[in-house]
Structure formats: structure tokens, C-alpha cells
Amino acid sequence: MATFNLKINGKTRAVDVDPATPMLWVLRDHLDLPGTKYGCGIAQCGACTIHLEGNAVRSCQLPVSAVGKASVTTIEGLSEKADHPVQKAWLDHDVAQCGYCQAGQIMTAAALLKRNPNPTDEEIEAQMSGNICRCGTYVRIKEAVKSAARK
Amino acid sequence: MNNDTTGLDRRSFLKASLISSGGMMLTVSFLSSFKSADKAEALNLPDQWAQLNGYIQIMADNKIKLICPNPEFGQNVMTSLPMIVAEELDVDWKNVTVEMGPHDNIKLGPQFSGGSNSVKMYWKPLREAGAAARQMLREAAAQSWNVPVGEVTTKAGVLSHPNGKTAKYGAMAAKAATLPVPKDLVLKSPKDFTIVRKSKKNVEGQKVVTGKPLFGLDYRTEGMLIAMIQHPPAFGMKLKSFDPAEALKMPGIKDVFSLKLYEDGFEQGGFDTRTFNDLLVVVGKSTWEVMNARKKLVAQWQPAGDVKDVVTGREGKKEVVVPGALESSKAQMEQMIEYAKKPAQELRKDGDPEAAFKNAAQVIERTYTAPFLAHNCMEPMNFFAHVTDEKALLAGPLQAPGWVEPTLSKLLNLPPEKIEIQMTRMGGGFGRRAYNHYLSEAALISRKVKAPVKLMYTREDDMTYGIYRPMYTATYRAALDADKNLIAFHVKGGGVPEHPIHPNRFPAGAIDNYLAEGWQIPSNITIGAFRAPRSNFNAAAEQSFLDEVAEAMGKDPIRFRLDLLKRAKENPVGKNNDYDPDRYAGVLELVRDKSGWGKPGSEKYSRGVAAYFCHASYAAHIVDMVTRDGQPYVERVFSAMDCGIVVNPDAATNMVQGAVVDGIGNAFYGALTHKDGAAQQTNFNNYRLIRHNESPKKIEVHFVQNDKDPTGLGEPPFPPVFGAVANALYKNKGRRFYNQPFQPELEKVI
Ligand code: FES
Ligand code: FES
């Protein structure tokens, strides 16, 4: 066990956990931030995607000890009022079916647009392909990413 | 929980009552006679909801709360079912909030999500609930204003009378709640709908995009422990012995023990299917700690031998012997080939198929196969349970709480009214969550450790402890005469452990000489419903076979099907043809016209068509395939559906698009195989699911417009996708593919 002071969604939060604990479980079990989802635990599905200094990372593969002073953003902290352009586009296109994968999809899309505000279809596909949607909402996700890019 | 069955008819459940803002029922209704009366003082609360029936609550300030009776797994019932109530209640959708209902089969009906049934089975009751409440509000206004009720009209939540009097529903709700429920109801004509048929956004959309705790895995309470199970490493194995010492030494671990799910001779319900009866359980404070401790378990496993189960399913109570062998998919495939040669059970016979085949000028025979599939719901199986000697609280994702309640009652020795099951949003279902062993496991674990517990399956647990789509095969034969007329049709299907045949489906009824047969091989690999059971294989095999027959006859594949349907309509063979030829033809014609089939403009595509009818709705797809980086890729799809009235068109479109993507993915990649009883795919690194870059760029969905009562959409669009993909693949590669998934074979020929 060790204590970590983490910068999460703009606040400093202290946790006392095994240093090897993946951020996914730190967020879900210890910080009451369950918006970040577990899907595979082996970097295959993207359900656990969060931002580390603005970059999309798989929180199931990120030990809490590796976070250091880097700022972490989760779906709960992406915007104050659900008004991030990606969230808005997701609502406009009514993307979700079961919704379980969508936090991860949104976090990947938000990081992608920050780096590349005008992605081509191919770039969207390439960047988003690490995020599985078992319900098959890919067509809508693609449309939503494109309309968020236009905003 | 009001699960007593007291012989009250459903109409009497549309009984009005008042409840407090906390949603507590009061004694003013006879329904609450099942409950204690100690909340009566809540009547005096200033902001009380008036509950007009199980589905409707109205606040004095005109806020409307509608209750969704059925569990939500992404089919969007939390929006579409309340829309139906709101339509007949005649309220402004803007003022509506929706809540998931409690599990209460008396007040809220069957509460089962599956079989594409939600909208179909709730359409009439929900319209009646809305119409009854509206009528009671009109009656309340009539009494208050001293005018005849016939002169009181409603519009968007406002009552009015020609004399100028108006009142919001909220102002009349408390009075309306005391009135008797009307006996005769007038329902709206579809032409007057203002909410149904107008797309409404997912009522939980905002919560989804902000990461609110909606799902079973997100559910937690103070002091809740995490539990994981270790199941035997292979089907056909059971526990021999284990040593908990090392696991118990790990940080955060509270308990390690073995658990027997059902005692010997336990009478299982039809959905109590379980794979493994002996489980090792690790309980601890946090997920990561439990995961790590589980790795330290020392266990020996042994062959389980044949197991006798007592199951009461649809065909009544019977003893089922589950064979003990350690099975392998390769051997099962060889076994299927052997079985296919043996005589099978005749399921339907029209005319004289034997003679017709003997006299045929040409016989086409093809065999199709498909593997086990894992559901792979994005949210793995999990359930919360807090069981004490007096009562049980359970919360989590499941498709049919009413089915597990009797099982729990027996397992926990608690009366049903002491068992509360809360339905969380599900991260997918696809049939998997109709099987509730994981909920029973959670309940027994909580009882053992005397604490609130969340049982959680890892992805590996979820994939290797499945209730899979069975392994199937079917051999189709068609007889043509010298003029290339189709004179006989024969399908012989089998599977491990069930056959896929629906003997009365198309093309039965359209061909004079017809034979359908089935056979099955017992297995210990547990199977169950998977999005459109059996149909999801049949539509693949039959629809690609029909494509081949049409080609042999020199006919356009759509024309060929339409001709058969015309025959089935004008001069049907046999009586039990369970499809409507007109509606079947309708979706084919619609997709043909919308896709520009046979017209210039689609030359760059390899086109494949397929249609199917199942779960009361009709579906047809045309997939347009191209070659991209040497690999066949479905770039766009046209779909046509007939599910009657489309309650929420944009959400319905989403559902169909998702089914198309799911179908393409499973056609190309889906497979779960076993070696010596052990699943060979354990996570998404070796079980391939379709991803963004493999999904079509465009899926255009069209609905046949009619005023028929709505039927479901979760399953019907899924099966024919496989057939359409197979037929496009033929155009693309110049050869047929008979064995799913197609990708491994493609990689050999590319
Ligand atoms: S849970 Fe992290 S990638 Fe799947
Ligand atoms: S919406 Fe269900 S997994 Fe993506």
C-alpha cells in the first residue's frame, strides 16, 4: 500500500492503494468515479479510456504509480454541464444503445479532435478502432465525431 | 413487491392511488393492501405525486413521471414504452421524466426484455393505461367544473371546456386518483398520434454521455464487498479439492470458499441454466485485490461425469442428462457430419419430396455450418446481492426478474415478497442475461459472507462461462425440373446440442414438395438464446442457398423470392405457414427500390440480398461490398423493415443499424471453439469483434409504413445480414462460402 495524490478532473484526490493497481480500479473502487468502464482489462476494447495530460490512455493498463503529477480527466470531468462538443454531438445523433462503451468512445473522440480538429474519415476510423461497441453504433459514432469536428 | 397472484384481472391493476414524492404507495388503493399502512401520513406532504396507475404519476405542478416496466439493455424501451403511455395520456413530452420501474409483475406486467417482445406485448396495456388516466383526469375536471365529461377535452397536458375553463393535469391529478378506473376506453386513431412515430431522444442519453452510474457494475453500497468466482477450467470438469491458504493471505481478502450453486436434485426453472455447479469464491474489499488473490488459488479439478438435472421448462418437468465428456469443436464438427447422414426427425412434409428429387433434372445440394458464439455483452455478468435471514436485496443487469424470483425463493428459503430485485441498465444483453445463474451465485455468496456483495465476472470469466449460441449445420437440397422450375425443397438441420430448424417458415408454403428434418447431439457446453435464436443461423444458410438456386434457375434473386411469395399467397402449400407473404414481399420490394437494385449506379459494388421473418417482424437487406486493401469490405447497406407502427423512428433506425453491424461482424469473425472442454477464446485479443474500421460507412434504414400494431426490432434485422453478406461475398470472390465465420477461409483464398 502507498498513498498517491492524484490530479483528477481538476481536483487533488488522495488514495491509499497497492501501487500496481490500474487507474481503472482506482477510479471505480476508490474514488467513486464509475463512469470509466471495464470491458476487457487487456487494452483491447477502449471502454476504460481516460485522458492523461489530454491524451487518450487505457486506464486498465495504467498503474496508479505511473500517474505522478500528470492530470487525469475522466468522463465525469470532461465538461461541467455535459456541453463538450463531443458530448453534444453524441446527444444530437442519439448514438447510444446500451451505452456501456460510450464513455470510452467519447474520451477517445475528444482526445482525437483536440489533436486533429479536422480528421478525415480514415483518420477517425483508425483512431476509433481501438474502441469496441458491441451494440454496433459505429455509423453514428462516426457521424457524431464529424459533426463535433465542425463545431 | 406485489407478486401475489390473487386472481385480480389486469384491468383492476389500473387502479388509482396517491403516493408521496418518495414513490411510496398509500393505503387508498386496494393494491396497497399488500403493504403496511404506516405511511398514510404522507398524504399531507405538499408535493405528492398522484399515481393514476402503475405506469403514471402526476405532480401538482404538472410534472409527469412515467414508469418503464421492462429492463433496458440498449433497445431503448425506457424511451419507447413511456412514449406509448404519453401518447394516450396526451401530455407534452417535454414535461415527462422516466424512471425504471420496480420489479412488480402484478402492477407492471411481465417485465421481460427479450424475444423482441417489449413494444409488442406492452403496446395495448400501455395505451390503455394512458387512456384510462386521461379519462379519469377528464372526469375529475367535469366534476370540478360541473359540466358533462363529454365536453372536457385535453391537449398536451391541459384540460379545457368550451366555457373557457382550463386546468393543467397536475391540478386535477389528486382528485382523478380517487376516481374509479373507467371500464370503456377510447384509444387514439394512429392518424392522431403526436408522440408515437415522432423521434424522441433516449431519455438516459445525458446520463450516458456524462458517465452517471447506470449499470450493474456501477451499483455500490456502503460496506459492499467484491466477489469473483473461479469456475472449472473446462466444460465437463468439477472441483476435486482446493487450498485457500495462499489466497487468504493476500491483502484485502475476507473469505475464500467453495460454493455449490444447486443442491443435488434441485428443480431448476427453464432459465436456471448453469454451466458449473462447483465454484470457488474469493471475496475481498476491492476488485484489484480480489483479482490478484484469485490467481493464488490452488485447486484440483476432476471430470464431472454425467450429471442429471431436473428442469422444468416449456415442455414441463423432465430429467436431463448432461454428458460428462471433454468436448472439442473439431471432433464435434466431424460428429455433425456423421449425424447428418443418419435418419432424422421429420418436422414437416408437404407433397412427395422423395419422388420429386428422384425425378429431378437437377439437384442442388449444399451444406452450411456455424460455430458456437459468445454473447460478449460489453458489461460482463455481475450482480449485487445483500441477503440476510429476513430478506434479500438484489440489483443488477438481467432481462427477466420474474423468472429468477421463484429460484431465489427456493435457494434462499425466503418468500417472494421478501426478495427485492432492482433492474439496472444493462451493458448489452443479446439473450445472455435471461439466464440468471450469476444472480443466484451472488445471492448465495452474500448469504455466506453475511455482507452486501458485488459478484463480478472478468471478461475471461464471461467468455469461458457462457450460455452460448449453439453450433449448427444444415444441408439444403433443391430439385429443378427440365424447365428449371423449383419442384422440391429439403432442409435437414442439426446442431450441438439443438437443431436450428423452424419448419413452417418460408420457403415452406411456396413449394409443392417440401421436407424439413432435424437432429441433435447432446453436449455439456451450455447454450441458450442468442439474438434471434436459430434464425440467426437459418437466415444465413437458407438465404445463401436460395441465392444459389435462383442463379441455377437463371432468375434475379429478388424476383425469385417474390415469385415464391406470390405462390405462397395465392395458392399456399400446407396450412401452418407462419409468415405473411405480403409483408415479406413488402420489405423485399422496398429494399429493392431504395437501393436501386438492377439499376445503373451500383456497378462498383458486389451486391448481396437476403430477407427473413422472425419474432413477428420482416427484414430485408442489400449489402454493397467492395475490395479494400485486398479484403472484402461491406461499405454500405440498405435495410427495409416491417414492424408495423414504428414507435420511435430514429431509435428504431439505430437498432437496425446495430443489428446490421453485429451481423456483419459475426458473419466474418464470430467463433467460439473448445479443446478438451476448454474455451479457446478468452478475451477480445482472440475473440474477434467487429470494429469501427470494419463497419459500413452508411446503413440506410427504411420502414414499411402501415398502421399495424407494432412488433419488435431487437432480433428481426439480425439474421438476414449473414445471408446478404454471404451472397455479396460470392459476387466479390466468385466462389461461395458455406462455413461461418468467413474470415479464416477468406484468408486462405486471398
Ligand atoms: S478495459 Fe481497458 S481496454 Fe478494455
Ligand atoms: S452502445 Fe452498447 S456497447 Fe456500445
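The values are calculated or read from the model by the stated rules, or taken from the named source; none is laboratory data. Computed from a prediction, not measured in an experiment: that's the story for all the values here. Virtual Cβ from ideal backbone geometry, glycine too; neighbours counted across all protein chains shown. In case anyone asks, the SASA skips ligands and DNA or RNA and just uses the protein heavy atoms, side chains included. Shrake-Rupley method; radii C 1.70, N 1.55, O 1.52, S 1.80 Å.
Tabulated values for the structure
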{"read-out": "Pick from segment B:663-687, criterion open to solvent by less than 30 Å² (accessible area, probe 1.4 Å) and out of contact with any Leu (no Cβ under 9 Å at 6 or more places or on another chain), ranking: farthest from residue B:379 (Cα to Cα)", "value": "B:664"}
{"read-out": "Test: residue in segment B:418-437 that is within 16 Å of ligand 1 (Cβ to nearest atom), under 22 Å from the mean Cα position of the chain (by Cα) and in the same structural domain as residue B:281 (by TED's automatic domain parsing)", "value": "yes"}
{"read-out": "Subset of segment B:619-647 (residues that are more than 15 Å from residue B:731 (Cα to Cα), open to solvent by less than 10 Å² (accessible area, probe 1.4 Å) and of a type outside the set (A, V, I, L, M, F, W, C))", "value": "B:621, B:639, B:642, B:644"}
{"read-out": "Any pair with Cβ under 7 angstrom, 6 or more apart, that starts in segment B:710-732 at a residue that is over 11 Å from residue B:622 (Cα atoms) and ends at one that is of a type in the set (Lys, Arg)", "value": "B:710/B:120; B:711/B:120; B:712/B:120; B:715/B:531; B:718/B:531; B:730/B:736; B:731/B:607"}
{"read-out": "Selection within segment B:311-328 - of a type outside the set (S, T, N, Q) and not in a strand (DSSP E or B)", "value": "B:314, B:315, B:323, B:324, B:325, B:326, B:327"}
{"read-out": "Residue within segment A:78-91 that is at pLDDT 95 or above, more than 16 Å from ligand 2 (Cβ to nearest atom) and closer than 21 Å to residue A:28 by Cα present", "value": "yes"}
{"read-out": "Within segment A:9-21, tally of residues that are open to solvent by 10 Å² or more (accessible area, probe 1.4 Å) and either within 16 Å of ligand 2 (Cβ to nearest atom) or within 30 Å of residue B:688 (Cα to Cα) (or both)", "value": "1"}
{"read-out": "Some residue of segment A:38-47 being more than 10 Å from ligand 1 (Cβ to nearest atom), part of a loop (DSSP other than H, G, I, E, B) and either at pLDDT 95 or above or surrounded by 15 or more Cβ atoms within 10 Å (Cβ to Cβ) (or both)", "value": "no"}
{"read-out": "In segment A:37-76, the residues that are closer than 28 Å to residue B:375 by Cβ, away from ligand 2 (no atom under 16 Å from the Cβ) and charged (D, E, K, R)", "value": "A:58"}
{"read-out": "Condition check for residue B:666: free of Cβ contacts under 8 Å to residues at least 24 places away in the same chain and within 14 Å of another protein chain (Cβ to nearest Cβ)", "value": "no"}
{"read-out": "Hits in segment B:460-498 - residues which are buried (at least 22 other Cβ atoms within 10 Å of the Cβ) and part of a helix (DSSP H, G or I)", "value": "B:462, B:463, B:464"}
{"read-out": "Qualifying positions in segment B:83-100 - in a helix (DSSP H, G or I) and open to solvent by less than 30 Å² (accessible area, probe 1.4 Å)", "value": "B:83, B:84, B:85, B:86, B:87, B:88, B:89"}
{"read-out": "Residue in segment B:220-241 that is within 13 Å of another protein chain (Cβ to nearest Cβ), under 28 Å from residue B:77 (Cα atoms) and in contact (Cβ under 8 Å) with a residue 24 or more places away in the chain present", "value": "yes"}
{"read-out": "Filter result for the condition that a residue is over 17 Å from residue B:215 (Cα atoms), of a type in the set (Ser, Thr, Tyr) and surrounded by 24 or more Cβ atoms within 10 Å (Cβ to Cβ), over A:71, A:59, A:79, A:65", "value": "A:59"}
